[in-house]
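Step one of this worksheet: look at the structure below.
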Amino acid sequence: MAAFTNADSTIVLNVDAAFQKARGWTDKEIEEFALDLLNLLHNSNSNPAAAIRKLRQLYVIIAWTRKDKKLPAQLLSFLQQILAEKSKTPHHSVRLLASYLLNELAPKYWQNLRSIQNLEDRNTTYILPLLLTQGKDFGYWLENLPHLFKWISGQSPSEAQLLAFTAVTAIASNCPSIIAEEFVQKYNSVLGQWLIDNSIESSRGRSQAVKTNKVPTEIDGSQIRGNFTILCAASSFSHDHLRNIYAFSVIRRWLLTNQSHMEKAFASNASTPTSKNSPTTSGSEVTLQSMRRLSNLPSSSSGLTPKKNRRDKLMDVILTYCSRLIDQSELKATNIIDTTLQFSCLVEVVAIMDIICNCDPSSIPSLFNKVKRIYKQVLDINKGRTLLAVIQFFINFGDTVVFDTKDALDFFFAKVLDARFHNSFLAFDVVMFLLENQEKLCVNTQVFTLYFPNIFKIFAWFPRTYLAEYIQILPSMISPKTSTEMLHTILDLPCVSAALEARHMHQQAQSLIANGRPLPTKIAFDFGTVMSPTFEPILSFVLRCCSGRGDTINKLNILHDVLKKFYNHPRVSVCSQCIPVLLNVFFKVIMEKASYEIIRDLFPAIIERSVQLFQIKQYQENVLEVFSTQILILCKHYPRIVVDRQTEIKDYISHSKHALNNERELYMHLIWIVGEYSSSQYCSKYTKERILMYYECIESLTYEVYLNTAGDSNNFSPRFVTLLMTCLAKLSSRCDTIQRAQICLMKIGKHHSTQPRNGNSNEFIINRANELVKLLQLPNVASAVLNPALQLENQGAITKRTSLSLLLQTTEH
Amino acid sequence: MVHSFLIHSLLPGTCRVFYSITFCGDIKANGHVEDRSDRKEKLLAIAQRVQSEYSFKRVTQRSELFDELLATSAGYGLNMEGGAFRSLRGEPFDNEKVILWLGRENTGFALISDVHENRILAENTLRLLCKFLQPHIKNTSQGTEPILLVDHIALMVNRFLPNGQLLFLNQKIIRQFEKEMEMLLQT
């Protein structure tokens, strides 16, 4: 395993030293340094190298600390001057560094840089970022928007124009309310214009200067079939082309920001434009909610007369562009960067169509067909992330066109997830998808309840990253039919981690062999046995895709044995640490929602599993702790379980060895439960015969323990012994076996008084035994003390229970 | 919209943020722009979380077999670990955010963006940035030189993430940008 080496610690030490040094400069030293720098800058026009070095050093001094460092005012104003310098000097690095230095000190009010009205094109790179980081606080944004728009609306493309464009987009995204209606319209028209590129014609126009290879081609090199788009290649890209690329890149964000404007525009045929509720009444709830969260557009931008023609034109342009992109993504790209670009392109197109459908429901049918085309293209294990985006669209709008998303969901959650869950980025997309669509998926589909084994694979592989998210989605995965299976699945998640790890290593080994490399001689985790054919059936159950194939396997111990070698693998041990948290969530849901039948069926599983847990000590302890707490809660709520599950409970209780192992707490709780709830007041079917069965079980257990301690081993804790005796007494008072109980208790008391003094424990037992014997001599009192009446909620009167102390006093002679 | 981009240390120990840029001034609940030290603190919190994810990845995903495989493969960022996670509202930013990260040895690159962002595009942009920035950040993150080539880094960030805007760039245009930047760096 790749461990952290000595070389690594040297690196860390060096980096730490560098940081300490940077932070160690005193204010005076910084001031001197700054003034030095200022001198250098004044004289550096011919040889900027020294100035650049000093600037970099100053940057590190300012940036590598949270504290605010002061720089002398002269330096600051000179830096500001440099940024707006109209001449070609100083060197671009110097300017960049000046810009970054000032940025690092943001937010700060710079009088000199406040207005960009007279800014040179070339200086936009340095000043616009500063504009953005000052925020709207100092009025920078509002004041400069007109100037920015002047740039954007210019006809001739330039770098400055592109930067201004991104600056406006950033401002709009951050603070939509600041962009007035007229600017929105201007932006829309600029956007529309840039998307319809003219450069092909324009480049053909400049006939002599342009060689034929400057004409753009499709992404696979073939002749261009339409307008220029982001999926077109060229040997040299002009600013025209760049405008096109930038325009497409901002569409989605812009549409989201202005969604409520657009909705009003589309709904112009319907109610008044001054209606302030339109964002909540139109479109599908979930996506709207999330989009509204993003766009903090106040809904009071009222009285909009939609400029229908211009807005329509933009939508048409966007949709035409998108259609072209869908066509282009069917071409085969020549390298991986372009192929991935095609995927990200499709995802973007689907997202844009999603927004448009939200605003204009009448366009859903036609856009749905387009998305269906994309769906056919990406129905492939290797295109999982794009497929997921398409599925999101289907879920949002499938109802409107009566489209059944079942096949798509099945394919994705059965096949794609199984093959690609270990891809971090796909896994993240899946988890976000499940979270965002939790309600819809729960109500309309079976994804959660059918595919939870597969969904859990992501958690088993990345336990640390997704714990919070899985706590949220776990409740949706629990269903009446699969509750017991879910309990087993949660408990076996560390095994799933181990099995996945073994499978992964096996695949890596195969890969190595296929490449003709030798396998390393020493492998820390032996995956060979796990992957052997004899183990295959068990493995295939553990790594199954769907639920419903059975609760768990019979041979859990074999599973645990074979996977034991992985128990200290980091992934497995981190996973095991998370299990108690998930279990608590599981039980909480069960208690709140499950019917008695489900809990009754779950109960034996809890008892069974208490002795069949994966052998990680801390994990076993924590799980057993959860179990012992939870059965108390379950039985308190449903005391009938004691009757309905008598066979299983009796079986479990009769083995005294449980009192000595890890599960002792659980065991003792069960005994207490038997004593406490075995009474006809909790369950009418509880006859004396049944209580007698429990009594006999407890009595023989007590004798066994007594005989055991008669020997030399004194392993049973006094707490256990006293608990047992109390239980015995309780049961006896309900099924007329008081005398038998008395005999038993007296024997124990006597025995322990002959034992050598063992601290307080013997005394404790002797006292309790005597107490119980005396109590049982007065059956009526015993009955009152040992069978407390069920406390009713509204009973304000003093009950027998509360006079316990009184009763007990009567037993003292 | 990308909220911030940062480069920070990954090896166990105090997490050091070498470079960070937040593109647009964050606006607090009271309407004012966020303080510098608040901003730094939040970015550090994210960097620390990436550091812990990386450490888990490194310890679990790497094995003797992986190291052997690594020796045979070259290529487009294949030797980088990477992942994604989300930060909940209030921890530490006012809104929910998604963090994508890539890292290797002691250099981690993290992109903090909004939830509804094209994540494939963001991941690709991140890979591009890693590829181009790696030679310029290497000395700083390895501790061999106590300096940061901020201007070089800034040049590339401005090109691929202008004011925080993710761009759909194909391979040819990336090459063109690469040549332009090389020329600028040589002057």
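Which residue is most open to solvent (accessible area, probe 1.4 Å), if the candidates are limited to region A:161-174 and must be in contact (Cβ under 8 Å) with a residue 60 or more places away in the chain and under 18 Å from residue B:22 (Cβ atoms)? Only one residue tops the list, namely A:173.
Say we look at region B:22-55 and pick out the residues that are among the hydrophobic types (A, V, I, L, M, F, W, C) and open to solvent by less than 20 Å² (accessible area, probe 1.4 Å); which of these is nearest to residue B:156 (Cα to Cα)? The residue in question is B:23. When restricted to residues that are part of a loop (DSSP other than H, G, I, E, B), at the interface with another protein chain (Cβ under 7 Å from one of its Cβ atoms) and under 24 Å from residue A:321 (Cα atoms), region B:147-168 contains 4. Return yes when residue A:368 is among the aromatic types (Phe, Trp, Tyr), away from every other protein chain (no Cβ under 14 Å) and more than 30 Å from residue A:245 (Cβ to Cβ) and no when it is not. No: the conditions fail for residue A:368. Can you tell me how many residues in region A:581-603 are open to solvent by 20 Å² or more (accessible area, probe 1.4 Å) and either touching a residue at least 24 places away in the same chain (Cβ under 8 Å) or farther than 20 Å from residue A:677 by Cα (or both)? Here the count works out to 12.
Taken over region A:491-507, the criterion of being small (Gly, Ala, Ser) and within 14 Å of chain B (Cβ to nearest Cβ) is satisfied by A:497, A:498, A:502.
Looking only at helices (runs of 4 or more DSSP H) that lie completely in region A:412-473, which have at least 3 residues being open to solvent by 40 Å² or more (accessible area, probe 1.4 Å)? Show your work before the answer.
On the way: elements: A:417-420, A:424-436, A:438-444, A:447-450, A:452-461.
Of the helices (runs of 4 or more DSSP H) lying wholly inside region A:412-473, those with at least 3 residues that are open to solvent by 40 Å² or more (accessible area, probe 1.4 Å) span A:438-444.
Looking only at region B:76-99, residues that are at the interface with another protein chain (Cβ under 8 Å from one of its Cβ atoms), among the hydrophobic types (A, V, I, L, M, F, W, C) and open to solvent by 50 Å² or more (accessible area, probe 1.4 Å) come to 1 in all. Only one entry in A:225, A:204 is in a loop (DSSP other than H, G, I, E, B), over 37 Å from the mean Cα position of the chain (by Cα) and either within 14 Å of chain B (Cβ to nearest Cβ) or at pLDDT below 90 (or both), namely A:225. In summary, helices (runs of 4 or more DSSP H) completely within region A:1-119 and bearing 2 or more residues that are open to solvent by 20 Å² or more (accessible area, probe 1.4 Å) and basic (Lys, Arg) occur at A:6-23, A:49-63.
Which one is farthest from residue A:457 (Cα to Cα), of the residues in region A:475-530 that are assigned to a helix (DSSP H, G or I) and β-branched (Val, Ile, Thr)? This residue is A:513. Is there a residue in region A:581-604 that is under 28 Å from residue A:704 (Cα atoms) and part of a loop (DSSP other than H, G, I, E, B)? No, region A:581-604 has no match at all. Need pairs with beta-carbon distance below 7 Å; first residue under 26 Å from residue A:245 (Cβ atoms) and open to solvent by 10 Å² or more (accessible area, probe 1.4 Å) and within region A:177-193, second outside any helix (DSSP H, G or I) and among the aliphatic types (A, V, I, L, M); sequence gap 6+ or separate chains. Listed pairs, sorted by first residue: none to list.
Contact map, region A:766-782: residues that are exposed (fewer than 14 other Cβ atoms within 10 Å of the Cβ) paired with residues that are of a type outside the set (Ser, Thr, Tyr), Cβ distance under 7 Å, separation 6+ or inter-chain. Pairs shown: A:779/A:738. Within region B:34-60, count every residue that is in contact with a Gly (Cβ under 8 Å, 6 or more places away or on another chain) and closer than 18 Å to residue B:88 by Cβ. Number satisfying all stated conditions: 3.
Name the single residue, out of those in region A:128-143 being open to solvent by 10 Å² or more (accessible area, probe 1.4 Å) and either at pLDDT 85 or above or assigned to a helix (DSSP H, G or I) (or both), that is farthest from residue B:22 (Cα to Cα). First the steps, then the outcome.
If we filter region A:128-143 for residues that are open to solvent by 10 Å² or more (accessible area, probe 1.4 Å), which is where we start, we get A:129, A:133, A:136-139, A:142-143.
Adding the requirement that they be either at pLDDT 85 or above or assigned to a helix (DSSP H, G or I) (or both) leaves A:129, A:133, A:142-143.
Values: A:129: 10, A:133: 8, A:142: 20, A:143: 22 Å.
Out of the qualifying residues, it is A:143.
Pick from B:64, B:41, B:53: which is facing another protein chain (nearest Cβ under 7 Å), at pLDDT 90 or above and in contact with a Pro (Cβ under 8 Å, 6 or more places away or on another chain)?
Details: B:64 fails: at pLDDT 90 or above; B:53 fails: in contact with a Pro (Cβ under 8 Å, 6 or more places away or on another chain).
Being facing another protein chain (nearest Cβ under 7 Å), at pLDDT 90 or above and in contact with a Pro (Cβ under 8 Å, 6 or more places away or on another chain) holds for just one of B:64, B:41, B:53, which is B:41.
Residue count for region A:95-127 under the criterion of being more than 17 Å from residue A:71 (Cα to Cα) and either under 38 Å from the mean Cα position of the chain (by Cα) or in contact (Cβ under 8 Å) with a residue 40 or more places away in the chain (or both): the result is 5.
Matching residues to (1) under 12 Å from the mean Cα position of the chain (by Cα); (2) within 12 Å of another protein chain (Cβ to nearest Cβ); (3) part of a helix (DSSP H, G or I):
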{"residue": "B:101", "(1), (2), (3)": "yes, yes, no"}
{"residue": "B:109", "(1), (2), (3)": "yes, no, no"}
{"residue": "B:116", "(1), (2), (3)": "no, yes, no"}
{"residue": "B:123", "(1), (2), (3)": "yes, yes, yes"}
{"residue": "B:129", "(1), (2), (3)": "yes, no, yes"}
{"residue": "B:136", "(1), (2), (3)": "no, yes, yes"}
{"residue": "B:140", "(1), (2), (3)": "no, yes, yes"}
{"residue": "B:145", "(1), (2), (3)": "no, yes, no"}
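In region B:135-150, how many residues are of a type outside the set (D, E, K, R), touching a strand residue (DSSP E or B) at 6+ places or on another chain (Cβ under 9 Å) and surrounded by fewer than 18 Cβ atoms within 10 Å (Cβ to Cβ)?
To start, the set of residues in region B:135-150 that are of a type outside the set (D, E, K, R) comprises B:135-137, B:139-144, B:146-150.
Pick out the ones that are also touching a strand residue (DSSP E or B) at 6+ places or on another chain (Cβ under 9 Å) and you get B:137, B:140-142, B:148, B:150.
Subsequent filtering for residues that are surrounded by fewer than 18 Cβ atoms within 10 Å (Cβ to Cβ) retains B:142.
Residues in region B:135-150 being of a type outside the set (D, E, K, R), touching a strand residue (DSSP E or B) at 6+ places or on another chain (Cβ under 9 Å) and surrounded by fewer than 18 Cβ atoms within 10 Å (Cβ to Cβ): 1 in total.
Within region A:144-160, the only residue that satisfies the criterion of being of a type in the set (Phe, Trp, Tyr) and either open to solvent by 10 Å² or more (accessible area, probe 1.4 Å) or within 14 Å of another protein chain (Cβ to nearest Cβ) (or both) is A:151. Count, please, the residues in region B:1-38 that happen to be out of contact with any Lys or Arg (no Cβ under 7 Å at 6 or more places or on another chain), farther than 22 Å from residue A:105 by Cα and at the interface with chain A (Cβ under 8 Å from one of its Cβ atoms). The number of residues fulfilling the criteria is 4.
Taking region A:336-381 as the range and being without any contact (Cβ under 8 Å) to a residue 40 or more places away in the chain and outside any helix (DSSP H, G or I) as the test, the residues that pass are A:379, A:380.
Residue-wise test of (1) more than 10 Å from chain B (Cβ to nearest Cβ); (2) among the β-branched types (Val, Ile, Thr).
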| position | (1), (2) |
| --- | --- |
| A:19 | no, no |
| A:23 | yes, no |
| A:27 | yes, no |
| A:41 | yes, no |
| A:46 | yes, no |
| A:52 | no, yes |
| A:60 | no, yes |
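The number of residues in region A:332-354 that are open to solvent by 10 Å² or more (accessible area, probe 1.4 Å) and more than 12 Å from every other protein chain (Cβ to nearest Cβ) comes to 1.
Let me confirm something: among B:166, B:184, B:155, which residue is at negative phi, surrounded by fewer than 20 Cβ atoms within 10 Å (Cβ to Cβ) and touching a Leu at 6+ places or on another chain (Cβ under 8 Å)?
On the way: B:166 fails: surrounded by fewer than 20 Cβ atoms within 10 Å (Cβ to Cβ); B:155 fails: surrounded by fewer than 20 Cβ atoms within 10 Å (Cβ to Cβ).
So the residue among B:166, B:184, B:155 that is at negative phi, surrounded by fewer than 20 Cβ atoms within 10 Å (Cβ to Cβ) and touching a Leu at 6+ places or on another chain (Cβ under 8 Å) is B:184.
For region A:608-701, list the helices (runs of 4 or more DSSP H) that sit wholly inside it and hold at least 2 residues that are farther than 15 Å from residue A:723 by Cα; which are they? Filter on region A:608-701 gives A:617-637, A:641-644, A:646-653.
The values are calculated or read from the model by the stated rules, or taken from the named source; none is laboratory data. Computed from a predicted model, the values in this text were never measured in an experiment. Note that we place each Cβ from the backbone using ideal geometry, even for glycine, and neighbour counts take in every protein chain shown. Just so you know, the surface numbers come from the protein's heavy atoms only, side chains and all, with ligands and any DNA or RNA stripped out. Shrake-Rupley method; radii C 1.70, N 1.55, O 1.52, S 1.80 Å.
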